[in-house]
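Student: My structure is below; once you've seen it, I'll send some questions.
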Amino acid sequence: MFIKNKSFTIKLLGCALIPVVTLVIVMNLRSTPSFVAVSGESYGWKSEKWTLVNYFAEWCKPCLEELPELNELAQAGDLRVFGISYDSLSDQEIMDLIKRYQIQFPVLKTSSLETLPMSLPAVLPTTYILSPDGEIVDVLHGKVTIEGIENLLEKHQHGKS
């Protein structure tokens, strides 16, 4: 009888743990949301690299002026660079922008904006710097440069060490 009760107790505990484990998995997935670029590629906020997220608009002159610097940062491969159109555009309109301005980094779909850990900025251009853990560590308003971003990353990387 004791063995049956022990077996029953173990089964009961096992059944009780299933919802807890499921909840932990779901919460972990929610804390690392993914987002999709107009290219169709899916990304997560957590990464082995630092991440730069830049809000831009076609009507914003400083936004267009910083695109070559952002392209160069993206091509160097030391950090992930993503663009977000400030204007709510269709995927095709975003793809047209990418082609017109020769953007060489992923630009997010408008539908992905709900999963962003940041809100729509009041000023353009606005650039967010995220740690590999997906946490926002800095927000820059105005045109960015390669030198400025590299200095900022160095400051944050050494601050973490």
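Student: Given Leu73, Leu116, which one is modelled with pLDDT of 95 or more and either buried (at least 17 other Cβ atoms within 10 Å of the Cβ) or within 13 Å of the chain's Cα centre (by Cα) (or both)?
Tutor: Details: Leu116 fails: modelled with pLDDT of 95 or more.
Result of the check over Leu73, Leu116: Leu73.
Matching residues to (1) at negative phi; (2) part of a loop (DSSP other than H, G, I, E, B):
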site: Leu97; (1), (2): yes, no
site: Phe105; (1), (2): yes, yes
site: Leu120; (1), (2): yes, yes
site: Val123; (1), (2): yes, yes
site: Ile129; (1), (2): yes, no
site: Gly134; (1), (2): no, yes
site: Leu140; (1), (2): yes, no
site: Gly148; (1), (2): yes, no
site: Leu152; (1), (2): yes, no
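Student: List every residue pair whose Cβ atoms lie under 7 Å apart, where the two residues are 6 or more positions apart in sequence or sit on different chains, the first residue falls within segment 140-161 and is aliphatic (A, V, I, L, M), and the second residue, located anywhere, is assigned to a helix (DSSP H, G or I).
Tutor: What qualifies is Val144/Glu66; Val144/Glu69; Ile146/Glu69; Ile146/Glu72; Ile146/Leu73; Ile149/Leu73.
Yes or no, residue by residue, for (1) closer than 22 Å to Trp45 by Cβ; (2) not hydrophobic (A, V, I, L, M, F, W, C):
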| residue | (1), (2) |
| --- | --- |
| Leu64 | no, no |
| Pro68 | no, yes |
| Glu72 | no, yes |
| Val81 | yes, no |
| Leu108 | yes, no |
| Val144 | yes, no |
| Ile149 | yes, no |
| His156 | yes, yes |
| Gly159 | yes, yes |
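The values are calculated or read from the model by the stated rules, or taken from the named source; none is laboratory data. Computed from a predicted structure; not experimentally measured. As a convention, Cβ positions derive from the backbone with ideal geometry for all residues, glycine included, and neighbour counts pool all protein chains shown.
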